[in-house]
Amino acid sequence: MGEVFAGRYELVDPLGEGGGGVVWRAWDRRERQYVAAKVLRQVDAATLVRFVREQAVRIEHPHVLTPRGWAGEDDRVLFTMPIVRGGSVATLIGDFGPLPPRLTAVLLDQTLAALEQIHDHGVVHRDVKPGNLLLDATGRDLPHLRLSDFGIAAAIDQPRLTHGPVTLGTEGYLAPECRQPGWDPDPRADLYAVGMCAVEMLTGARPAEGVP
């Protein structure tokens, strides 16, 4: 038996790492089902505030993966979300290389639909990349994408938690202005990242770091 968190969630095996924490496949003893559980990696004031903000993102949309519940134990916290079983766009590219243009168009359309919804709620994702574009297991049907990992997302009207020369996001997908001191979150940076995702989907090559 794996570690049981807060008397409810049994951590079975790690699924991956996201902004600020490790994601586990966990057994929810109360609901009697498997969930994805993100456990906070470290505890400091800024990290904890980001974690609280992420679990507070409850935007309902078919292409947005948002938290469903949370729990705390001693100096650790976690939140849960549904398990998405089809991997990510990053694993899809890694397995098959460049994607067909028609498939790429479907994935981009769903990504933009998700971003439109979160932007309408005043939230900027700030880490749009193929690894955060998860896929449901749909077999031969059309793909169903979910935008995930709101670990460094920010509301447009919220105070920034970092100051000075700290750059948040993933190199290769960052808009040039994101590297400027004092830059405030802007939805247009998410759209730039979608463009870089499109290039990667069509070419199979990850964007070079620092290339505008």
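Scanning the stretch 61-80 for residues that are free of Cβ contacts under 8 Å to residues at least 40 places away in the same chain and touching a helix residue (DSSP H, G or I) at 6+ places or on another chain (Cβ under 7 Å) returns Pro67, Trp70, Val77. Selection over the stretch 168-196 of residues that are exposed (fewer than 15 other Cβ atoms within 10 Å of the Cβ) and on the phi > 0 side of the Ramachandran plot gives a count of 1.
Being in contact with a helix residue (DSSP H, G or I) (Cβ under 6 Å, 6 or more places away or on another chain) and part of a helix (DSSP H, G or I) is the filter here; which residues of the stretch 112-137 pass it? Walk me through it before giving the result.
At the first step, the residues of the stretch 112-137 found to be in contact with a helix residue (DSSP H, G or I) (Cβ under 6 Å, 6 or more places away or on another chain) are 115, 119, 124-125, 128, 130-131, 133.
Those that are in contact with a helix residue (DSSP H, G or I) (Cβ under 6 Å, 6 or more places away or on another chain) and part of a helix (DSSP H, G or I): Leu115, His119, Pro130, Gly131.
Residues in the stretch 163-174 include none that are within 23 Å of His61 (Cβ to Cβ), aliphatic (A, V, I, L, M) and modelled with pLDDT of 80 or more.
The values are calculated or read from the model by the stated rules, or taken from the named source; none is laboratory data. Small disclaimer: the values here were computed from a predicted structure and weren't measured. Quick reminder, even Gly has a Cβ in these numbers, built from the backbone with ideal geometry, and neighbours come from all protein chains shown.
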